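Asker: First the structure, then my questions, so here it is.
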Protein chains: 2
Amino acid sequence: MISKKVKYAIIALVKLAREYNKGPILIRDIAESEKIPQKFLETILSDLKHAGILASKKGKGGGYYLLKSPDEVNLATIIRLFDGAIALLPCVTYQYYERCEECKDEETCGIREVFKEVRDETVELLKAATLSEIIRRESKLEKKKR
Amino acid sequence: MISKKVKYAIIALVKLAREYNKGPILIRDIAESEKIPQKFLETILSDLKHAGILASKKGKGGGYYLLKSPDEVNLATIIRLFDGAIALLPCVTYQYYERCEECKDEETCGIREVFKEVRDETVELLKAATLSEIIRRESKLEKKKR
DNA sequence: AATATAGTCTATAGAACTAATAGACTATAT
DNA sequence: ATATAGTCTATTAGTTCTATAGACTATATT
């Protein structure tokens, strides 16, 4: 399971992507419209800013806005930023690699091979899931519903 | 990430699968050969017994052994047993479904659709990963290494 | 310059979960 | 009878997750 932090981050980012190039949006507005605890959202948006994904403006007319374009931001990046590795085993991660203590031979470990495949598939799907792509899917689903 | 419980469970099950139909194996032997804390392993094996995957025999010559055949036991089952849902979002699980409070319309949620695809791919791969399959892969990797 | 607006930073805290251990108890083979 | 081996209940230390409080800093506007 992804953490609430990631879930809130994605929801906020999709919201900001919908308002891309329309100027800064208040934390309060995002919190209210997306039903996210405001104080919690503050730390999340701050993290996204430090990661170079968002930017902010203080004072009247301020708020947060997307620094990167919506098709540059994907879910693999967001999950890694808050929750760390995407893989299900530490010995199968790119960026957070850790050897299993109880492992006899990593090279010939059948368990590892399975989890490597899972990671590859998952990362591929999550990388393809950019903010633009999510919005595109939403419109499609809405059309379908009518 | 899967929990240590799942990791230990898989390792123990693969060990028992290698010794399938060779009679019961001591908790102590599994703990030692696989470097798993014995007391912790006890609770894990007990859970696997209650789930109908293992059986045990008490007294001298006792121990644990596979009740199901190694090609009937797959990693999706084991992960669900100990860690719960495989999906990354509660609104995308089969058995542990929970609606997102902040969700406006589940039917048209683009985020949900992405995570549904991830779940489908993951479950498919994990279901194919039976104990037999893992052992088969190990032999292949060993041959390749030589 | 004053003031309201709005993001920033540091600290903290309760709840839940994880990993592991202790120890008394029960069942079985010989 | 006795040694062997699994069973059950409780507990604990540590960590992570989710969220909140409150003081502080920067900016736009008048």
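Just so you know, all these numbers are worked out from the coordinates, no wet-lab data involved. Please read these numbers as outputs of a predicted model, since none were measured by experiment. FYI the Cβ positions are ideal-geometry reconstructions off the backbone, even for glycines, and counts take in every protein chain you see.
Asker: Inside the range A:36-62, can you point out the residues that are touching a residue at least 24 places away in the same chain (Cβ under 8 Å) and in a helix (DSSP H, G or I)?
Answerer: A:Phe40, A:Leu41, A:Ile44, A:Leu45, A:Asp47, A:Leu48
Asker: Would you pick out the residues in the range B:54-109 that are charged (D, E, K, R) and farther than 30 Å from B:Ile25 by Cβ?
Answerer: B:Glu98, B:Arg99, B:Glu101, B:Glu102, B:Lys104, B:Asp105, B:Glu106, B:Glu107
Asker: Quickly run through the range A:81-113 and pick out the residues that are among the small types (Gly, Ala, Ser) and farther than 20 Å from B:Leu125 by Cβ. Let's see the steps before the verdict.
Answerer: From the range A:81-113, those among the small types (Gly, Ala, Ser) are A:84-85, A:87, A:110; that's our starting set.
Selection gives A:Gly84 alone.
Asker: Mind checking whether some residue in the range A:63-86 is within 16 Å of DNA strand D (Cβ to nearest atom), within 16 Å of the chain's Cα centre (by Cα), among the aliphatic types (A, V, I, L, M) and farther than 30 Å from B:Ala76 by Cα?
Answerer: Yes; the residues of the range A:63-86 include at least one that is within 16 Å of DNA strand D (Cβ to nearest atom), within 16 Å of the chain's Cα centre (by Cα), among the aliphatic types (A, V, I, L, M) and farther than 30 Å from B:Ala76 by Cα.
Asker: Name the residues in the range A:95-108 that are assigned to a loop (DSSP other than H, G, I, E, B) and within 7 Å of another protein chain (Cβ to nearest Cβ), would you?
Answerer: Let us first name the residues in the range A:95-108 that are assigned to a loop (DSSP other than H, G, I, E, B), namely A:95-105.
Within the range A:95-108, A:Glu101, A:Glu102 qualify.
Asker: Now, a different point. Tally the residues that are hydroxyl-bearing (Ser, Thr, Tyr) and in contact (Cβ under 8 Å) with a residue 24 or more places away in the chain, restricting the search to the range A:78-120.
Answerer: First, pick out the residues of the range A:78-120 that are hydroxyl-bearing (Ser, Thr, Tyr): A:93-94, A:96-97, A:108.
When the remaining residues are screened for being in contact (Cβ under 8 Å) with a residue 24 or more places away in the chain, the result is A:93.
Count: 1.
Asker: Check off (1) in contact (Cβ under 8 Å) with a residue 40 or more places away in the chain; (2) of a type in the set (Gly, Ala, Ser); (3) at negative phi for A:Gly23 and give me the number that stays unchecked.
Answerer: (3)
Asker: Can you name the residue in the range A:19-35 that is surrounded by 13 or more Cβ atoms within 10 Å (Cβ to Cβ) and away from DNA strand C (no atom under 13 Å from the Cβ) and is also farthest from the other protein chains (Cβ to nearest Cβ) among such residues?
Answerer: A:Tyr20
Asker: Then there is this: Does the range B:1-23 contain at least one residue that is within 13 Å of DNA strand D (Cβ to nearest atom), touching a Leu at 6+ places or on another chain (Cβ under 7 Å) and among the β-branched types (Val, Ile, Thr)?
Answerer: There is no residue in the range B:1-23 that is within 13 Å of DNA strand D (Cβ to nearest atom), touching a Leu at 6+ places or on another chain (Cβ under 7 Å) and among the β-branched types (Val, Ile, Thr).
Asker: Would you point out the residue of the range A:121-137, among those that are without any contact (Cβ under 8 Å) to a residue 12 or more places away in the chain and within 17 Å of A:Ala17 (Cα to Cα), that is farthest from the other protein chains (Cβ to nearest Cβ)?
Answerer: Per the stated criteria, the residue is A:Arg136.
Asker: Related question: A:Tyr65: within 14 Å of DNA strand C (Cβ to nearest atom), away from chain B (no Cβ under 14 Å) and either within 22 Å of B:Lys116 (Cα to Cα) or in contact (Cβ under 8 Å) with a residue 40 or more places away in the chain (or both), yes or no?
Answerer: Details: within 14 Å of DNA strand C (Cβ to nearest atom): yes; away from chain B (no Cβ under 14 Å): yes; either within 22 Å of B:Lys116 (Cα to Cα) or in contact (Cβ under 8 Å) with a residue 40 or more places away in the chain (or both): yes.
The answer is yes for A:Tyr65.
Asker: Condition check: in contact with an Asp or Glu (Cβ under 7 Å, 6 or more places away or on another chain) and either among the polar types (S, T, N, Q) or at the interface with another protein chain (Cβ under 7 Å from one of its Cβ atoms) (or both). Does A:Leu141 satisfy that?
Answerer: Against the criterion (in contact with an Asp or Glu (Cβ under 7 Å, 6 or more places away or on another chain) and either among the polar types (S, T, N, Q) or at the interface with another protein chain (Cβ under 7 Å from one of its Cβ atoms) (or both)), A:Leu141 qualifies.
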